[in-house]
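Here is the structure we will look at, set down as structure tokens.
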Amino acid sequence: ASGADCATAEAAVRHHNLLCETFDEGSNAAAHHAAAVDVYLEHLESLAVPHASEHAKMAACRLLEQACLECGPRRFVASLGRWGAALGKLADGADRDGNPTPSARAALRALAAMTRRASAMMDIPGVRKEAATVAQKTAAAALRRIESRESSAVFSSDDAVDAVDAVAVCLESHPAALRPKTDAVEAALVKVVLESPHGTNSMILSRATRALARLPRTGAFAFESASKQAR
């Protein structure tokens, strides 16, 4: 599916409230609607696999992100771990030049959206553990993307913004999940701040700075190490 096809599908799902299971529980309408949603989401999951075509993976990532945002709480909780695992396998996709594929970028955005929504459901049994796993997958993929950059010019790309935003979402939504990787997160964000082309992309600088402020703890070691490496 092309980007236009994905946008059309997203609009149709949203316009008809297809993911909002609002019928009275136990009614025939509720059962039929739930069955239809099951089939739709199962199809998306069948496309969210590494060996699928780039167009299929792109569609799966974008429509699963929509599902993360628009499906009912019960379905979201039941699907959190499964969707997180599927999207996590797609977030590292790269083209021949080593740059993230469009589907990989979409997967990272979907993981960030999932992490953000899960943060509002931490009191539901099982969600905290699943959300921690998803947040760790999201942050790990984003950090790998930042750490793979060798040229400062790439920090002006939309991809870099996506990566920093994903880390920021994890720090805001589930900071405890990232505590064991605090030094790595701090070093990556400092790398963005130090190596970004100042004056040409204030957006990436401001977002990285705000993300740094959300770290579970701050320390000079990672900052000093990154500073020395940048010299």
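Have a look at Q136, P102, T115 and report the one farthest towards the positive end of the charge dipole of region 82-139, computed about the Cα centre with Cβ charges (Lys/Arg +1, Asp/Glu -1).
Of Q136, P102, T115, it is T115.
Would you work out the charge dipole size for region 19-132 about its Cα centre, treating the Cβ of every Lys and Arg as +1 and the Cβ of every Asp and Glu as -1, and quote it to the nearest 20 debye?
380
Each value in this text was obtained by applying a stated rule to the coordinates, not by laboratory testing. Source: prediction; values computed, not measured. Backbone-built Cβ (ideal geometry, glycine too); neighbour counts: all protein chains shown.
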